[in-house]
Ligand SMILES: *[C@@H]1O[C@H](CO)[C@@H](O)[C@H](O)[C@H]1NC(C)=O
Ligand SMILES: *[C@@H]1O[C@H](CO)[C@@H](O)[C@H](O)[C@H]1NC(C)=O
Ligand SMILES: *[C@@H]1O[C@H](CO)[C@@H](O)[C@H](O)[C@H]1NC(C)=O
């Protein structure tokens, strides 16, 4: 039944579409070589990414945390890669669009690196399911069993430190290389709240964890600065009150619990609260590190636009209902999640904001990335990108 729904999905793409995608791929890689040759000091030449499923490009599936993770098979990847890559979407993620915009190759997952492989353009340390807080925090609170992974932000920073000697040799070497490197710390922290919510925590209880989560994010950012990072982007949380999972778990009979877009007010307020606290903490970090550029990425603002004006962004099918799922009002069913038996994917993911209940579609991620690279959702703005996000 599973395999069937994947095959159906391949049909809507005409040959023309396939050729276009092929052309586009060639186009990107053609420019990439050029970019290397004429190293532009005002752009980025490498990206180092840390985080969770919003930016994992394949670490989780090879981490061995789960023997047969559903994200390791179709319909994950169906839109762009045509096979599953370990990305939690139907195609590219925000990080992939950022890489394209700067003429860089898609980031290699750290756990898939092979000896002798070039890491000149960066590495991705993000792991789906990862938390900002260490696994022990959840284990001590009886939630150890529901963690997808123990590879928290700290562990990922440790991986970077271990790899660093093969990235640059001397202090001088590292300084000059990191001047052209973008470090992306997150999105991370969303899972810390997701786990607590799925364990029955209410919004007040989630709120209590915000200072702890924010502290972990700022600690990781400081650790990277200590390692020589001078250009860092730290994303905030998405409007989780509009996510199919939260809408399903916290479904309410009270009309006043929803805003005019149908999102849960309390959880969007919660996401804003996290973002506000993160911003305050980043402000302090900036004061203490005057030579360092710390950029806040407003994922909330970039994504909120879809729920206000979905048609403007091509989301003609649904903004709140997931494309891939096993039924229910938001097509999120915990007993039949996307990829599991009983679930089915829509035939036109690019007309949906939400992919599988938790994660967004490639189309939605593209608009978020565009909002970050081309503005106005990065504070201060990222460096000018040589390519526009289509
Ligand atoms: C996380 O670590 C604990 C304790 O070492 C272990 O029991 C558990 O299986 C690990 N979880 C995952 C998902 O790897
Ligand atoms: C959240 O749960 C706690 C502990 O059970 C309870 O005291 C509190 O009233 C709840 N808050 C909300 C907003 O439901
Ligand atoms: C959720 O999935 C289970 C298992 O496939 C199914 O029995 C149930 O009817 C589904 N619920 C909804 C609301 O579609």
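Starting from the coordinates of the alpha-carbon atoms of the stretch 203-281, obtain the Kirkwood hydrodynamic radius over all distinct pairs and give the value in Å to one decimal. List each step's numbers first, then the result.
Working: mean 1/r = 0.0711 Å⁻¹.
After inverting the pairwise mean of 1/r, the radius is 14.1 Å.
Where does the chain land at 222 nm, in deg cm²/dmol rounded to the nearest 500, when only DSSP H runs of n ≥ 4 count, each adding -39500 (n - 2.57), divided by all residues?
Numbers: 13 runs with 159 residues, N = 390.
For the chain, the value works out to -12500 deg cm²/dmol.
Between residue 176 and residue 390, 0.36 nm times their residue separation minus their Cα-Cα distance comes to what?
73.9 nm
Sort largest first and round to whole Å: the equivalent ellipsoid semi-axes of the stretch 293-390, each the square root of five times a Cα gyration tensor eigenvalue. Working shown, then result.
On the way: eigenvalues 170, 34, 27 Å².
Semi-axis lengths for the stretch 293-390 are 29, 13, 12 Å.
Quick one: if the Förster radius is 25 Å, what FRET efficiency do residue 280 and residue 334 give, using the C-beta to C-beta distance and rounding to 0.05?
Details: r = 35 Å, r/R0 = 1.38.
With R0 = 25 Å, the Cβ-Cβ based efficiency is 0.10.
Given contacts defined as C-alpha pairs under 8 Å and at least six residues apart, what's the relative contact order of the chain, whole-number percent?
Numbers: 749 pairs, mean separation 73.1, N = 390.
Once normalised by length, the contact order is 19 percent.
Using only C-alpha atoms and all pairs of different ones, pull out the Kirkwood radius for the chain in Å with one decimal. Show your work: numbers first, answer last.
Values: mean 1/r = 0.0474 Å⁻¹.
This gives a value of 21.1 Å.
Past the 25 angstrom mark, what percentage of all C-alpha to C-alpha distances in the stretch 175-329 do you count?
On the way: 4577 of 11935 pairs.
Value for the stretch 175-329 (Cα pairs over 25 Å): 38 percent.
Assuming a viscosity of 1.567 mPa s and a temperature of 4 °C, what translational diffusion coefficient in µm² per second does Stokes-Einstein assign to the stretch 245-310, Rh being the Kirkwood radius over Cα pairs?
On the way: Rh = 14.0 Å.
For the chosen part, D equals 92 µm²/s.
Using only alpha carbon pairs under 8 Å that are at least six residues apart, calculate the relative contact order of the stretch 256-390 and give it in whole percent. Show your work: numbers first, answer last.
Values: 184 pairs, mean separation 27.8, N = 135.
Result for the stretch 256-390 is 21 percent.
What fraction of the DSSP beta bridges in the chain is antiparallel, stated in percent and rounded to the nearest 5?
On the way: 6 of 24 bridges.
Counting DSSP beta bridges with both partners in the chain, the antiparallel share is about 25 percent.
Every number here is computed from the coordinates shown, using simple stated rules; none is lab data. Because the structure is a prediction, the values reported are computed rather than measured. Don't worry about glycine lacking a Cβ; one is built from the backbone with ideal geometry, like all the others, and counts go over all protein chains shown.
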